[in-house]
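Taking it in order: structure first as structure tokens, then the write-up.
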Amino acid sequence: MGCLNAYGNLISGGGVTAGMDFGLVLVAALRGQAAAEEIQLALEYAPEPPFQAGRPEDAPKDTLEVVRRRTETLRAERERMIGAWRKLPLNLSDKGNDIICTPLIRELRQDDDAAYRSLWRDALQQHAQYFRIAAGDNVPAGIPTRGAEDSFTLGAFEKNALVGIVSLERDRGVKLRHKALLFRMFVAPEVAGRGVGKSLLQEALCRTQDIDDLRYIHLTVLERNQRARALYRSLGFVDFALEPEAVRMDADYVGEVQMMRFLRR
């Protein structure tokens, strides 16, 4: 059996080990033992190596210093690039003569609460036909998952403006913690059709993979909201129940569909 080092490289196991040993010997013949030892240390390769440089405590001091400086330089550059990326309001890709803008998706922080409240208020007031919650209901208007364990609220930003939101909250019951609710999904009409909603849901699904013992996600959506239902289905959600006349809209009654998606474990 092989194993992975810190860089994700397979470093032991049968012919792979022999190949690595041969490679290090070849590098030593072509570029000198110091070069081979630097490669060996960078790969953290030390099953039964041809040179004693697979661990920091075994490596020659000169080799250790060369690799340390090189690693620090690469780490600093990586952190610089990540920092620069986080400051960007948009991700841009050039396709032909068109610039395609995709939203920046990130978890909302406390300083995003005012923007969240504003967007959520617009959702309930101007697009009430898509929500079971009414603007006059006594429910928290701010970010709903603050302080909740294994829960988060994501926001989509374009030009530094919050244009989409979605929340996921794990059930708190001891016997129910294998489930999480996806809720308060909304995308501003001015960015409809640009894939903002799908990007939000994909990021939410990705993050659930890091939540231990979470088995599935469930949600509710009004029966007549066909666009939202189609989006959920495209990402693996399926209907499992329908409550007829679940929500009253003035003189009309609307059914509510319950959907769920198992997570890969």
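Computed quantities for the displayed model
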{"quantity": "Sole residue being among the charged types (D, E, K, R) and free of Cβ contacts under 8 Å to residues at least 40 places away in the same chain, chosen from ARG215, ARG227", "calculated": "ARG227"}
{"quantity": "From VAL187, VAL191, residue being at pLDDT below 95 and among the aliphatic types (A, V, I, L, M)", "calculated": "VAL191"}
{"quantity": "Unique match (being closer than 30 Å to GLU190 by Cβ and at pLDDT below 50) among LEU4, LEU92, LEU10, LEU104", "calculated": "LEU92"}
{"quantity": "Residues of the range 170-183 classified as closer than 18 Å to PHE131 by Cβ and aliphatic (A, V, I, L, M), total", "calculated": "2"}
{"quantity": "Any hit, the range 249-261, residues being under 21 Å from GLU149 (Cα atoms) and either open to solvent by 40 Å² or more (accessible area, probe 1.4 Å) or touching a residue at least 24 places away in the same chain (Cβ under 8 Å) (or both)", "calculated": "yes"}
{"quantity": "Subset of the range 31-69 (residues that are loosely packed, with under 14 Cβ neighbours inside 10 Å and at pLDDT 80 or above)", "calculated": "ARG31, GLY32, LYS61, ASP62, GLU65, ARG69"}
{"quantity": "Residues satisfying the stated conditions in the range 218-265, i.e. part of a loop (DSSP other than H, G, I, E, B) and either more than 22 Å from the chain's Cα centre (by Cα) or modelled with pLDDT under 95 (or both)", "calculated": "GLU223, ARG224, ASN225, ASP250, ALA251, LEU263, ARG264, ARG265"}
{"quantity": "Tally, over the range 127-150, of residues that are closer than 20 Å to ARG229 by Cα and either part of a helix (DSSP H, G or I) or of a type in the set (Val, Ile, Thr) (or both)", "calculated": "4"}
{"quantity": "Verdict on PHE186 being in a strand (DSSP E or B) and either under 16 Å from TYR130 (Cβ atoms) or among the polar types (S, T, N, Q) (or both)", "calculated": "yes"}
{"quantity": "Within the range 110-126, considering residues that are open to solvent by less than 20 Å² (accessible area, probe 1.4 Å) and among the aliphatic types (A, V, I, L, M), the one farthest from GLU190 (Cα to Cα)", "calculated": "LEU124"}
{"quantity": "Meets criteria (touching a Gly at 6+ places or on another chain (Cβ under 8 Å) and under 25 Å from GLU190 (Cβ atoms)) for ALA135", "calculated": "no"}
{"quantity": "Selected residue (only one of LYS175, LYS159, LYS198 is over 18 Å from the mean Cα position of the chain (by Cα), surrounded by fewer than 16 Cβ atoms within 10 Å (Cβ to Cβ) and at pLDDT 95 or above)", "calculated": "LYS175"}
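The values are calculated or read from the model by the stated rules, or taken from the named source; none is laboratory data. Predicted, not measured: the structure shown is a model, and the values here were computed from it. Cβ sites come from the backbone with ideal geometry, for glycine too, and all protein chains shown count toward neighbours. These accessible areas exclude ligands, DNA and RNA; they are computed on the full protein's heavy atoms, side chains included. Shrake-Rupley method; radii C 1.70, N 1.55, O 1.52, S 1.80 Å.
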